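*Asks:* Dropping a structure here in structure tokens format, bear with me for questions.
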Amino acid sequence: MIRLAVRVRREQAELVLAELLELSPGGVEEADAGDHVEYAVYGAPGELPSLPDLRAAAGSALVEVTTTEVADDWQERWRRFHRPVVIPPPGAARESGPALVVRPPWEQPPDAGDAVEEIVIDPGQAFGTGAHASTRLCLELLLELAVQTSARGALLDVGTGSGVLAIAAARLGFAPVVGVDRDRASVEAVRANAKVNSVALMALELDLRREALPAPDGGAGAWSVVTANLVLPLLCELASVLRPAPAHLIAAGDRRGGGGVGQAA
């Protein structure tokens, strides 16, 4: 197993990440390197992006490219990285509302009290186990929205990854729920994870930059909620095509902007 890493200037990191995800749609590892950001992909020789493609993706932001051989126990260390995540109910509902627990299948559920909605996610090759800061923020906002309203309508999850947000939404009562992602492995992971969690949702392969977003129930109306845990360039793409506007938008992913929930005018 080889780790192929590219170190880039921080101010251009989000743009580089968007290009890297075109080369490696299964996701990349991100590490803070002071004034720089390092992105890495893992794979066997012949499975990784070529060095010319990697350098082209980084462009003028490139600092250096490195390759290292990964130890034989990398799978076990990868499993230790993914730990259960507990999302407590928001303040006003802390005594009565449910907590969300997201865990990989090889971890036992933590003690989070009686009122718990548990979600089991096998990340496989898809992004999203609830541990990343932006994913956790989206889960917190989704739980807050569910507590605030009893009318939990149709929800679209753009860039669904492993399906953690879509599955959480379905578990919290939003319906219908549709997750879209350009990566076929993600779509397959969502379907498998939805089955494990016994929730009903639809997962579709869709490229935001080239294809129109689906409408709720196949009609022409607006989604009640749209979730989007994406890098900044893709959030900008989404903003340009998200018509009609949803009643609520939960967006995150940009390291400088964080995430937020809003109600459309």
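The values are calculated or read from the model by the stated rules, or taken from the named source; none is laboratory data. Note that this is a predicted model, so its numbers are computed, not measured. Cβ sites come from the backbone with ideal geometry, for glycine too, and all protein chains shown count toward neighbours. Only protein heavy atoms, including side chains, enter the accessible area calculation; ligands, DNA and RNA are left aside. Shrake-Rupley method; radii C 1.70, N 1.55, O 1.52, S 1.80 Å.
*Asks:* Write down the accessible area per residue of the range 189-231 in Å², having rolled a 1.4 Å probe over the full set of protein chains.
*Replies:* Here the per-residue accessible area is 51 Å².
*Asks:* Still on this structure, I have one more. On average, how much area does the Cα convex hull of the range 141-195 cover when viewed from any direction, in nm²? Intermediate results must be reported in sequence, preceding the final value.
*Replies:* Working: hull surface 13.7 nm².
Its average projected convex-hull area is 3.4 nm².
*Asks:* Can I ask one more? Give the accessible surface of the range 1-51 per residue, rounded to a whole number of Å², with probe radius 1.4 Å and ligands, DNA and RNA excluded.
*Replies:* Numbers: 2440 Å² over 51 residues.
Per residue, the range 1-51 has an accessible area of 48 Å².
*Asks:* Okay, next question. Between ALA133 and ALA245, what FRET efficiency comes out of the Förster formula 1/(1 + (r/R0)^6) with R0 = 22 Å and r the beta carbon distance, rounded to 0.05?
*Replies:* Working from the Cβ atoms, E equals 0.25.
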